[in-house]
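K.L.:
Structure below; questions to follow.
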Amino acid sequence: MSNAPEMTRRDWMGLLARAQPARLAELFPELPAHRLTRAPEIGTVMVQGRTGGTGAPFNLGEVTVTRCALQLGDDRVGHAYVQGRDKSHALRAAAVDALLQGAEAARLHRDVLAPLAEDEAQARQALAEKAAATRVEFFTLVRGEDA
């Protein structure tokens, strides 16, 4: 039974990175046996922007990130970069990344990724509704001399 949506590694790594750490821990409480190849470490990365979205790049500023890499007993390797300073979030995301590369993928899609995607969709919907509530509709009246 593979109801797993077609999701690339890039997609699931982004979803894991954007997930709320407490929610990820709730959905994936137990870490598998692993060996750290890069213990969770905190650093910064330079964020670039582009003028008008397509113009010349410029340095916008630095963002704090935590990265981690681990290896499972069967040599699968998982990586994670998460925004912020949460080492357990990076460790958990790397473990899920590694497991998604094996036989557990369908179960993890169903039990971890699908709920995270639903949470993200609900958060985006709530933000869109909040923005829509502030929308102002402008209209003009036809004046006598315009008729």
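The values are calculated or read from the model by the stated rules, or taken from the named source; none is laboratory data. Note that this is a predicted model, so its numbers are computed, not measured. Quick reminder, even Gly has a Cβ in these numbers, built from the backbone with ideal geometry, and neighbours come from all protein chains shown.
K.L.:
Just the residues that are within 18 Å of ALA95 (Cα to Cα) and of a type in the set (Val, Ile, Thr), please, taken from the stretch 5-64. If you could, list the steps in order and put the result at the bottom.
P.N.:
If we filter the stretch 5-64 for residues that are within 18 Å of ALA95 (Cα to Cα), which is where we start, we get 7-42.
THR8, THR37, ILE42, listed by residue number.
K.L.:
A further question on this structure: Working only within the stretch 36-56, note down all residues that are surrounded by fewer than 10 Cβ atoms within 10 Å (Cβ to Cβ) and not β-branched (Val, Ile, Thr). Reasoning before the result, please.
P.N.:
Initially, the stretch 36-56 is screened for residues surrounded by fewer than 10 Cβ atoms within 10 Å (Cβ to Cβ), giving 46, 51-56.
Residues satisfying the conditions are MET46, GLY52, GLY53, GLY55, ALA56.
K.L.:
Scan the stretch 99-110 and give yes if some residue there is small (Gly, Ala, Ser), surrounded by 13 or more Cβ atoms within 10 Å (Cβ to Cβ) and in contact (Cβ under 8 Å) with a residue 60 or more places away in the chain, otherwise no.
P.N.:
The answer is yes; a qualifying residue exists.
K.L.:
So, one more: For the stretch 112-124, state whether one or more residues are closer than 21 Å to TRP12 by Cα, among the polar types (S, T, N, Q) and out of contact with any Leu (no Cβ under 9 Å at 6 or more places or on another chain). Break it down into steps so the answer makes sense when it comes.
P.N.:
Step one: list which residues in the stretch 112-124 are closer than 21 Å to TRP12 by Cα, which gives 112-124.
Adding the requirement that they be among the polar types (S, T, N, Q) leaves 122.
Those still in the list that are out of contact with any Leu (no Cβ under 9 Å at 6 or more places or on another chain) too: 122.
For the stretch 112-124, residues closer than 21 Å to TRP12 by Cα, among the polar types (S, T, N, Q) and out of contact with any Leu (no Cβ under 9 Å at 6 or more places or on another chain): present.
K.L.:
Moving on. When both residues are 6+ apart or on different chains and their Cβ atoms are under 6 Å apart, which pairs have a first residue that lies in the stretch 44-55 and is within 30 Å of ARG85 (Cβ to Cβ), and a second that is of a type in the set (Ser, Thr, Tyr) and modelled with pLDDT of 90 or more?
P.N.:
What qualifies is THR44/THR64.
K.L.:
Find the residue count for the stretch 6-35, including only residues that are within 18 Å of VAL82 (Cα to Cα), in contact (Cβ under 8 Å) with a residue 40 or more places away in the chain and surrounded by 13 or more Cβ atoms within 10 Å (Cβ to Cβ).
P.N.:
15
K.L.:
Also, I was wondering about something else. Could we say that GLY84 is modelled with pLDDT of 95 or more and within 15 Å of the chain's Cα centre (by Cα) here? Explain how you work it out, then say what you get.
P.N.:
Values: modelled with pLDDT of 95 or more: yes; within 15 Å of the chain's Cα centre (by Cα): yes.
Judged against the criteria, GLY84 is a match.
K.L.:
Here is a list of conditions, (1) closer than 21 Å to LEU116 by Cβ; (2) without any contact (Cβ under 8 Å) to a residue 60 or more places away in the chain; (3) not hydroxyl-bearing (Ser, Thr, Tyr), and ASN59 meets all of them except one; can you say which number that is?
P.N.:
(1)
K.L.:
Of GLU30, GLU26, which residue is among the charged types (D, E, K, R), closer than 19 Å to ALA106 by Cα and assigned to a loop (DSSP other than H, G, I, E, B)? Step through it out loud before you land on a result.
P.N.:
Values: GLU26 fails: assigned to a loop (DSSP other than H, G, I, E, B).
Exactly one residue qualifies, and that residue is GLU30.
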